[in-house]
1. Is it true that S101 is small (G, A, S), open to solvent by less than 30 Å² (accessible area, probe 1.4 Å) and in contact with a helix residue (DSSP H, G or I) (Cβ under 8 Å, 6 or more places away or on another chain)?
2. On the given criteria, is R80 at pLDDT 85 or above and open to solvent by 20 Å² or more (accessible area, probe 1.4 Å)?
3. From the list T66, T119, T87, exactly one residue is farther than 29 Å from A29 by Cα, free of Cβ contacts under 8 Å to residues at least 40 places away in the same chain and surrounded by fewer than 11 Cβ atoms within 10 Å (Cβ to Cβ). Which is it?
4. Filter region 22-50 down to the residues that are in a loop (DSSP other than H, G, I, E, B) and closer than 22 Å to V122 by Cα, then identify the one that is nearest to the chain's Cα centre (by Cα).
5. Name the single residue that is most open to solvent (accessible area, probe 1.4 Å) among those in region 16-47 being out of contact with any Gly (no Cβ under 8 Å at 6 or more places or on another chain) and under 18 Å from G108 (Cβ atoms).
6. Only one of (1) out of contact with any Cys (no Cβ under 6 Å at 6 or more places or on another chain); (2) surrounded by 13 or more Cβ atoms within 10 Å (Cβ to Cβ) is not met by A72, so which one is it?
7. In region 1-15, what residues are part of a loop (DSSP other than H, G, I, E, B) and open to solvent by less than 70 Å² (accessible area, probe 1.4 Å)?
Amino acid sequence: MTRVNGSGGGTFPAQLRPVREVTPAVEAAGAVDEARIFAEFAKRVGPDAAQIGETSPSGETNGQFTVDGAGAMVAFESVRRVEASFTYRCGAEATSGVARSWEQSRTGIMQCDAKKPRTEDVVLEVKALAC
């Protein structure tokens, strides 16, 4: 968190720190065709889903940020986590698991002392971790 003084706002440096990573994967209780399951999952999630092996952004927005007002500011970077449960059948055997990925990478600036804070999940988490 950084305090920006002056009613006209200003510029502040931000050094982001990783809180967690989202790694695209297929997790199952037994043996499954991970590539096939992930391909089907990605098809349903849409073309923006990160593929297996693609890491979520981590501190790529470090640098200077400019804001219009004064206050306690936090810069953040986030992705939207997507996941789905599945059951994989091979003959008489059935195995359950979860496919997960991320999409919609974004950055933002949050004012910790704003009178009307935004209520998106990521903003609430940023506030709890950094303000």
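The values are calculated or read from the model by the stated rules, or taken from the named source; none is laboratory data. As the structure is a computational prediction, the values presented were derived from the model and not from experiment. So basically every Cβ, Gly included, is an ideal-geometry build from the backbone, and we count neighbours across all protein chains shown. Remember, those area values only see protein heavy atoms, side chains included, never the ligands or the DNA or RNA. Shrake-Rupley method; radii C 1.70, N 1.55, O 1.52, S 1.80 Å.
1. So S101 fits the description; yes.
2. yes
3. Result: T119 is the single residue among T66, T119, T87 that is farther than 29 Å from A29 by Cα, free of Cβ contacts under 8 Å to residues at least 40 places away in the same chain and surrounded by fewer than 11 Cβ atoms within 10 Å (Cβ to Cβ).
4. Ranking the qualifying residues of region 22-50, first place goes to V22.
5. R20
6. (1)
7. G6, G8, G9, listed by residue number.
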